[in-house]
Amino acid sequence: MYKFRKEERLCSKKLLDELFHNGSSFLVYPFRVVHLPLSSSGNPPSQIVIGVGKRKFKHAVDRNLLKRRIREAYRLNKEELLYNFLRENNLQLIFSIHFVGKEIADYTFIEKKLKVALSQLTRAYVKKTD
RNA sequence: CCCACAGGCCGUUCUAUCGCUGUUCGCCUUGGGCGAAAAGAGGAAAGUCCGGGCAACAAAGGGCAUCCUGCUUCCUAACGGGAAGGGAUACAGCUUGACUGUAUUACGGAAAGUGCCACAGAGAAUAUACCGCCUUGAUUUAUCAGGGUAAGGGUGAAAACGCGAGGUAAGAGCUCACGGCCUUGUAUGGCAACAUGCAUUGCGGUAAACCCCAGGAGUUGAAAGACCAAAUAAGCCAGCGCUAAGGGCUGCCCGUCCAAGCUGGUGGGUAGGUCGUUUGAGCCGGUGAGCAAUUGCCGGUCUAGAUAAAUGAUAGAAUCCGAUCCGUCGGAACAGAACCCGGCUUACAGGCCUGUAAAUUUU
RNA sequence: AGCCGGGUGGCCGAGAGGCGAGGCGAGGGUCUGCAAAACCUUAAACAAUGGUUCGAAUCCAUUCCCGGCGU
């Protein structure tokens, strides 16, 4: 249910190159989302990369903390906000979430904003299919 | 009890729900999936400043160059680390000296040679003559010219060892006594650095200037390297063969190896996977050796292993700190393993222990 | 994780033991009816700390910051 396994993470170098060269992006503060649909649909319905820039957070502890909070928020909300929609429309998606804020945000703020970001992601594909 | 310094140790805890990583066990069982169990960041994991292990390179061969280290002995796998000691410097104390204590210390050689020592100053290293002192000559009674001199003045970070006597026209280690540093020889003590005594040559600084002496360093780093699967063009390896140019993951030289061709074998890219990879100079306890660093013996123990990178999130409670309208509210140091060890350095809220010194109180 | 290179006014840049050049820029002035150009002039810097030296931007050590490397 609320799982987040290796298959749901994006590890292939090839796919990452493709994502950042051809993918389209939008900004929902404090996140920058880059996304790209895949031609073949399969299980799991999406693969994700979470990133926090070294420029803004110098210490590895801070970067790890933010990545863990984002991952936790994604794990708890992906099923109802994203997977149900993708399964209905038979889509497979790769996307990345980059944290671009300047200060360490707390969990409630991250969760709220991530929900907004995910719903905006689905809305983008609703328009395209129409 | 309080305060300062030094050394050592710890560096939030518990519960519930939902997850992540590898391991073991069980079930379904081709692959794989599901469930359970126990485990899952540090004293610095950091900086990458040193030293090893480990691995590869045709050369691990020689010489030169280059770089590093630098009081002694010991510890250690090794070190630029540590321990003990010696010297030097600074401060304090008294019994005023071969004294004691504390702190600091990149601390071989300046008597192998070379260089440098700005400005100031007469002169900065073959000494020097501005004032001064002494003297000769000239004119003439105050100057000019020459010579001697390193006591005194002045300059400077530094002025040819200090001080006294002799000596002299005036002076000078020029000579002598005492003393300081220092070279060589020697005696005594010490494993040694070195200390002390005697004799003796000498007397600017600078080697984190070149250099000399002694010792050491082959180069490159786990993105090292080994293997496996699918996949296929002329790569790689071995043998034969040839020596001209050129070349090779080391700056130069010597030496050494390599071409094309033929024969035989193997199989590149695709950042795929597995191993390397966590049992090790390991950790804990006891006991013996040693002033100590450290180490012998005995017993116990297995204690992260990820790979676009797990070790978390939320809620509640405890502990500590701060604020307070006494209801509560806010905060929890520095910081995150990436092949592994030994050091060093830097960051760090708060707490505990031991020792030393001072003050106060009680007996 | 490992291995290299660098840090000089606001910017670019020499200097490598003994006044830190120069250019662009900034401020003021001269010239002009007003500007530009030109000329004169002013201010402003050695990443930090400690050591070696009489004396350090330079030599040495430590720290901080910036940049680079791999088929």
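Taking the conditions exactly as written (of a type outside the set (A, V, I, L, M, F, W, C), touching a residue at least 24 places away in the same chain (Cβ under 8 Å) and in contact with a strand residue (DSSP E or B) (Cβ under 7 Å, 6 or more places away or on another chain)), does A:SER119 satisfy them or not?
The answer is no for A:SER119.
Restricting attention to segment A:42-51, and to residues there that are closer than 19 Å to A:SER24 by Cα and out of contact with any Ser or Thr (no Cβ under 9 Å at 6 or more places or on another chain), which single residue is modelled with the lowest pLDDT?
Selected residue: A:PRO45.
Among the candidates A:LYS78, A:LYS58, which residue alone is modelled with pLDDT under 80 and either out of contact with any Cys (no Cβ under 9 Å at 6 or more places or on another chain) or surrounded by 15 or more Cβ atoms within 10 Å (Cβ to Cβ) (or both)?
Exactly one of A:LYS78, A:LYS58 is modelled with pLDDT under 80 and either out of contact with any Cys (no Cβ under 9 Å at 6 or more places or on another chain) or surrounded by 15 or more Cβ atoms within 10 Å (Cβ to Cβ) (or both), namely A:LYS58.
The values are calculated or read from the model by the stated rules, or taken from the named source; none is laboratory data. Computed from a prediction, not measured in an experiment: that's the story for all the values here. All Cβ positions, glycine included, derive from the backbone under ideal geometry; neighbour counts span all protein chains shown.
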